[in-house]
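This report concerns only the one structure given below.
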Amino acid sequence: MALIQIKSSVLWRSRSIVWALVAAAIALTSTACGGPKYRLDAPQGFVRYDKKKAPAFITPDGVRLRARTERNYPKAELAFWADAMERHLVARGYLLHHKQCFKTARGLDGCTAEFILPHAGEDWVLAETVFVLGDNLALLEAAGPFDRYKKVAPALAKAYLSFEPEP
Amino acid sequence: MTPQRLPSSARAVAAAALALAIGAAAGVHPAQAAVPGPVQVPAKAPAPVPPPAAAKAPADRPTADQGAVDGDPKARAEALRKGHPHVGDRAVQVVASIVVKVVHPAEVRRTTIESLKAAGGWPLLVTDQELHLAVPLPAVATVIDQLAAAGIVLQKSLQRVDRTEEIVQLQAKLKSKREILARLRGLLDDADTGSTLRVEGTMNQLLSEVEQLQGDLNVAEASVRMARVVVSFQYHQRQRITYVRSPFQWLNQLDIDRFLADF
């Protein structure tokens, strides 16, 4: 009887190790594939970089938009991260120009904050849009010289509404 | 009784005494103000003109009234009314600055200057990124509103500097020096050659000081007649961008240079 218990315990431990290995393999695969994937319509006037895994777009005059992922750690809500981001960039000297929270077409909550900063002798806009997706944060980042950015700002805001994580 | 002509040594003493008085009035050390001569005696300087009671406020007192420019029209109108030089006999200089981002700065610059000229003002400095305007006080609010409507206002400020005391002091010094100059002219009538040369030297110095004071007074009075509005189309305070470490790792990666490099 004792022998059976020992065998059962060893078997259970082995199973745990196997599951741990499987989980690690999944995590590695996920990382290798670039993490979660997103769908985002190209804003009007932008073209998409086809070879980039995450959505990335650019206008003829150099306004850029891309999506990327960060860990939602410590796990927090959208309002927390939007506030933390604003405070951090303002502390750095960025000028908060505009902040807006919205819902996407699929009902996902997001917040966009536009900051103005000097860069290379010009005033630039850096716009950060945050979505909370469970353990991850999805960031849509757009940047460009002020006058060029303002021309495409409405198109960007419209495109953000199409954002959704791919299953 | 016939007035007697003073001996030359007595006239020299009088000239030296007057020179000391000039130095005292101008705030110059007696050793520097005295005319070279055989005898130097202390002289009583003309009593400085006391500033009027209204001039007791400290000069260069910045009275930034942020609420006045941050959207409250009543506060702004009140601040500008207070800044009017004729209100309460105060001489107040108004300096407003605005940083506004516009898509077409050249167009905004042109329309701003046109409306400014129509209001009786004129541009002091015109560059691609900045406009310095001399604006009649009643038109300041209109000019700022027009600029704000043309784009996105990033910063606004309004500063009032009370220059009453400075102007009163300049006027008093000027009056005092002119009186001394008039008295020196009287001495020239009876002076011999040596004394005349010394008095003329003193008068030349005095004239130079009078001109300088008159110039300062003109500048101070002009500064309170018109408001100065500084318009910048560029938010260019690069020194304000600093590295601040956040406890949240991903926030430390939010940076324009990193964004462009990783794109």
Checklist entry - Hey, among the residues in region B:128-139 that are out of contact with any helix residue (DSSP H, G or I) (no Cβ under 7 Å at 6 or more places or on another chain) and more than 14 Å from chain A (Cβ to nearest Cβ), which one's surrounded by the fewest Cβ atoms within 10 Å (Cβ to Cβ)? => result B:Pro138
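Results for (1) closer than 30 Å to B:Ser232 by Cβ; (2) buried (at least 16 other Cβ atoms within 10 Å of the Cβ); (3) touching a residue at least 40 places away in the same chain (Cβ under 8 Å), shown as yes or no for each residue.
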site: B:Ala141; (1), (2), (3): yes, yes, yes
site: B:Leu147; (1), (2), (3): yes, yes, yes
site: B:Lys156; (1), (2), (3): yes, yes, yes
site: B:Gln169; (1), (2), (3): no, yes, yes
site: B:Lys175; (1), (2), (3): no, no, yes
site: B:Ile180; (1), (2), (3): no, yes, yes
site: B:Leu187; (1), (2), (3): no, yes, yes
Checklist outcome for this item: Taking region A:102-120 and keeping residues more than 8 Å from chain B (Cβ to nearest Cβ) and either exposed (fewer than 14 other Cβ atoms within 10 Å of the Cβ) or closer than 13 Å to B:Leu154 by Cα (or both) leaves A:Phe102, A:Lys103, A:Ala105, A:Arg106, A:Gly107, A:Glu114, A:Phe115, A:Ala120
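What do you reckon, is B:Asn252 within 14 Å of chain A (Cβ to nearest Cβ), part of a helix (DSSP H, G or I) and surrounded by fewer than 16 Cβ atoms within 10 Å (Cβ to Cβ)?
yes
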Checklist entry - Which ones in region A:60-101 are at the interface with another protein chain (Cβ under 10 Å from one of its Cβ atoms) and within 22 Å of A:Gly45 (Cβ to Cβ)? => result A:Gly62, A:Arg64, A:Leu65, A:Arg66, A:Arg68, A:His97, A:His98
Checklist entry - For region B:175-193, how many residues meet the condition of being farther than 25 Å from B:Thr164 by Cα, of a type in the set (D, E, K, R) and assigned to a helix (DSSP H, G or I)? => result 2
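Sort through A:Ala105, A:Ala67 and tell me the only one that's touching a residue at least 60 places away in the same chain (Cβ under 8 Å) and among the small types (Gly, Ala, Ser).
After ruling out the rest, the residue left standing is A:Ala67.
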Item to check | Within region A:79-162, strands (runs of 3 or more DSSP E) holding 2 or more residues that are within 22 Å of B:Asp262 (Cα to Cα) | outcome: A:109-119, A:122-133, A:136-145
Next on the checklist: Going through B:Thr196, B:Thr242, B:Thr202 one at a time, which residue ends up being surrounded by 19 or more Cβ atoms within 10 Å (Cβ to Cβ) and either in a loop (DSSP other than H, G, I, E, B) or away from every other protein chain (no Cβ under 14 Å) (or both)?
Outcome noted: B:Thr202
Checklist entry - Which one of these does B:Val161 not meet: (1) within 16 Å of B:Gln93 (Cβ to Cβ); (2) in a helix (DSSP H, G or I); (3) not acidic (Asp, Glu)? => result (2)
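Laboratory data are not the source of any read-out in this text; all were calculated from the coordinates shown. Just so it is clear, the model here is predicted, and its values are computed rather than measured. Using ideal geometry, Cβ is built from the backbone for each residue, glycine included, and neighbour counts are taken over all protein chains shown.
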